[in-house]
Amino acid sequence: MIFVTLYVVLPLLDVLYAQENAPSGPNRLDCVKASEQCMKEQGCSTKYRTMRQCVAGGKERNFSMVAGLEAQDECRSAIEAVKQSPLYNCRCKRGMKKEKNCLRIYWGIYQTLQGNDFLEDSPYETMNSRLSDIFRLAPIISGEPAVTRENNCLNAAKACNLNDTCKKYRSAYISPCTSRVSTAEVCNKRKCHKALRQFFDKVPPKHSYGMLFCSCPAGDQSACSERRRQTIVPVCSYEDKEKPNCLSLQASCKTNYICRSRLADFFANCQSEPRSLSGCLKENYADCLLSYSGLIGTVMTPNYLRSPKISVVPYCDCSSSGNGKEECDKFTEFFTDNTCLRKAIHAFGNGTDVGVWQPMPPVQTTTSTTTPSQKAKDRSPNSLDAATNTNHLNTGDESLYHFCGSLQDPQIDDPGISNSISRNSAGLPSSQAHLYSLLLLLAALLHCTLAALYPTAVL
């Protein structure tokens, strides 16, 4: 009867193979190109303009107060049409030309379609890079911090000066960030911020991260960590005459497309997950560090606190928060007590990376701008154990029937089974991986059914 199983499953595997080797679809357009493409098509152009007018006039949000039924239907029709256009899934790239224009288009569409002001998703294209790509090391799980005998922050600064690109962009931000404008102004903060953004957008991470996330030796914490803290010239880029309230600072950040986008990217990529060995919801240290460095050069610029442990925070506090004190505390804790970010910084400083089988797909969260919530509570724990890649079915004992019995429940609770499936499908895109897993389950279920009906015939 095993041949019957193979007869059913093998054609399905042929389908999987065909999908696996089919040419991939076109890359997702950035929002500037998507907008230009839409404007060339009469139907899309008309609907897009109508949607923008609806948002500007408040028709979409206040139908009954602003317009009649005809206008309401026109707005809804325009929004549905935009959902079918390339604009709906467009994204932007950090440091791209016309980045601000791209982000303006993205947020105009996003806020209209979502109907809220939350920062739930990042407007930037997912990178899915790894720290091991930067180091060119095999991924390993970060254990105890490496013993550091040198001032790595000093070494990183020296290495930057030996690299033409790093030296060029470092000099470009040092100059405006250290030049006093007047007796009252220590520097031109706007120019300083712009130059810092260019440094972290243009300089290879090996050098820019080397200065920002360098590890410090146990016996030289003060000198080394202070050099690391001074990397962004905090007297200009970070500090201000008065320390604002964090909720007010956040509100100010949201009025600027770049700051708003970098903050949303940070929320999306540095979410902590206590059930993960890496400490990160998305299991990706490189993306977290990239999103953190993206905040530098905005009004939300964070920097290291002078403390024994690694802790960062924007230049703000929660005094004068009134009824928003709890909300403000949660916002600052996303910086000061962020396990994902702290472990990512440690990993880079130690030259290690998170040990995962494959980059995790994006997980839908309900993170708001003011209260960066923890992940969905019903997400199954990520298992990183070193179990075997296959589950052997022994027909000579009860293990087969125990395994078959577990298949009656659509939820797979056995981490060994789930790990085996995830590892066997590690090289596939998410849709193909799901099909692959389904085929494995189907084959096992069919085999178990035949084993129950014809116990002596199943080999």
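The values are calculated or read from the model by the stated rules, or taken from the named source; none is laboratory data. What you are looking at is a predicted structure, and each value in this text was computed from that prediction instead of being measured. Here the Cβ positions follow ideal geometry from the backbone for every residue, glycine too, while neighbour counts run over all protein chains shown. Areas reflect the complete protein model, heavy atoms only, side chains present, ligands, DNA and RNA absent. Shrake-Rupley method; radii C 1.70, N 1.55, O 1.52, S 1.80 Å.
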* Is one or more of the residues making up the stretch 217-224 hydroxyl-bearing (Ser, Thr, Tyr), without any contact (Cβ under 8 Å) to a residue 40 or more places away in the chain and outside the structural domain of LYS98 (by the TED database)? -> yes
* Looking only at the stretch 288-297, and only at residues there that are open to solvent by less than 10 Å² (accessible area, probe 1.4 Å) and in contact (Cβ under 8 Å) with a residue 40 or more places away in the chain, the one that is farthest from ASP353 (Cα to Cα) -> GLY297
* **Search result, residues across the stretch 239-272 that are buried (at least 21 other Cβ atoms within 10 Å of the Cβ) and not in a helix (DSSP H, G or I)** => CYS270, GLN271, SER272
* **Residue check for CYS153: modelled with pLDDT of 80 or more, within 30 Å of TRP107 (Cα to Cα), over 26 Å from the mean Cα position of the chain (by Cα) and buried (at least 21 other Cβ atoms within 10 Å of the Cβ)** => no
* Answer with yes or no whether ALA71 is part of a helix (DSSP H, G or I), more than 19 Å from the chain's Cα centre (by Cα) and farther than 13 Å from CYS44 by Cβ. => yes
* State yes or no: is GLU144 more than 17 Å from LEU29 (Cα to Cα), assigned to a loop (DSSP other than H, G, I, E, B) and either outside the structural domain of ALA195 (by the TED database) or modelled with pLDDT of 90 or more (or both)? => no
* Which of (1) surrounded by 13 or more Cβ atoms within 10 Å (Cβ to Cβ); (2) modelled with pLDDT under 90; (3) more than 29 Å from the chain's Cα centre (by Cα) is the odd one out, the single condition CYS44 does not satisfy? -> (2)
* Any residue in the stretch 307-326 that is aromatic (Phe, Trp, Tyr), touching a Ser or Thr at 6+ places or on another chain (Cβ under 9 Å) and modelled with pLDDT under 95? -> no
* Asked: Before we move on, is SER35 over 20 Å from ASP201 (Cβ atoms), at pLDDT 80 or above and within 28 Å of the chain's Cα centre (by Cα)?
  -> yes
